[in-house]
Amino acid sequence: MGFETVKLFEDSVAKFFGSTYAVAVDCCTHGLELCLRYSDINSFNCPKHTYISIPFLASKLNIKFNWTDENWKDYYYLTDNIIDAAVLWKEGSYIPNTFMCLSFQFQKHLSLGRGGMILTDNKAAAIELKKMTYDGRLPDVPWREQNIQSIGYHYYMTPEIAQMGIDKLPKAIKSKPRDWVLQDWPDLSLMKVFNTIG
């Protein structure tokens, strides 16, 4: 089993959502981080009700974030084109000219225990984001044979997780996803840890 398995999984998920490209990552939060890095963003918006790792990205990337009170469903925008779609599962739902980040964490509809994916219709961005997941290198080429020119972050999806995704995908496509509600997440702005972040 090799990284061609990851490519097959990427292509299958891209087809379901209707995006041109997909870049598999080890988790949705890392997908969002890579999109923020790639876009050279200096601030982003964060709903008060979301997963705790999202506002932590501000501290990790040394950028600012703004709390929002939005009553979001299925996905929300961090910037004008970076979308946290961790709980979204709907055929043909890709929004053109965006980076939509999916989650395959154990509670999600396509449950792989861990993993995520960045959907995009931007070929140049897809190539760069793929290199960023693989320590700055191109997949399927030994890194010692490459003159690596971009920084990478070791956020790739393993072939084993991708194979699990391929195996589970048909059932996920046929079954109804959970209907997530805002109250599934606490109000993060009330947590002490965020008094010094933001």
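The values are calculated or read from the model by the stated rules, or taken from the named source; none is laboratory data. None of the values given here were measured: they were computed from a predicted structure. We place every Cβ from the backbone using ideal geometry, glycine too, and count neighbours over all the protein chains shown.
Evaluate the following for Phe56: is it aromatic (Phe, Trp, Tyr) and either at pLDDT below 95 or in a helix (DSSP H, G or I) (or both)?
The answer is yes for Phe56.
Do any residues in segment 16-29 that are among the charged types (D, E, K, R) have Cβ atoms under 9 Å from those of residues that are surrounded by 19 or more Cβ atoms within 10 Å (Cβ to Cβ), where the two are at least six apart or on different chains, and which pairs are they?
Close Cβ pairs satisfying both conditions: Asp26/Gly115; Asp26/Gly116; Asp26/Thr133; Asp26/Tyr155; Asp26/Tyr156; Asp26/Met157; Asp26/Ile161.
For every residue, the table says whether it meets (1) in a helix (DSSP H, G or I); (2) within 20 Å of Ser19 (Cα to Cα); (3) among the charged types (D, E, K, R).
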| position | (1), (2), (3) |
| --- | --- |
| Ile127 | yes, yes, no |
| Met132 | yes, yes, no |
| Arg144 | yes, no, yes |
| Tyr156 | no, yes, no |
| Gly165 | yes, yes, no |
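Which numbered condition trips up His154, out of (1) exposed (fewer than 11 other Cβ atoms within 10 Å of the Cβ); (2) within 15 Å of the chain's Cα centre (by Cα)?
Failing condition for His154: (1).
For Ala172, work out the one condition from (1) touching a His at 6+ places or on another chain (Cβ under 8 Å); (2) at pLDDT 95 or above; (3) farther than 16 Å from Leu8 by Cβ; (4) not in a loop (DSSP other than H, G, I, E, B) it doesn't fulfil.
Result: Ala172 fails condition (3) only.
Could you please give the count of residues in segment 31-47 that are without any contact (Cβ under 8 Å) to a residue 12 or more places away in the chain and surrounded by 22 or more Cβ atoms within 10 Å (Cβ to Cβ)?
Adding up the residues that qualify gives 0.
What number goes with the only condition from (1) in contact (Cβ under 8 Å) with a residue 40 or more places away in the chain; (2) at positive phi; (3) crowded, with 17+ Cβ neighbours inside 10 Å that Gly136 does not pass?
Every condition holds for Gly136 apart from (1).
Filtering segment 68-104 down to residues that are over 20 Å from His30 (Cα atoms) and assigned to a strand (DSSP E or B), which residue is farthest from the chain's Cα centre (by Cα)?
Across segment 68-104, the extreme among qualifying residues is Thr68.
Applying the selection to segment 124-170, what residues are within 18 Å of Cys28 (Cα to Cα) and acidic (Asp, Glu)?
Glu128, Asp135, Glu160
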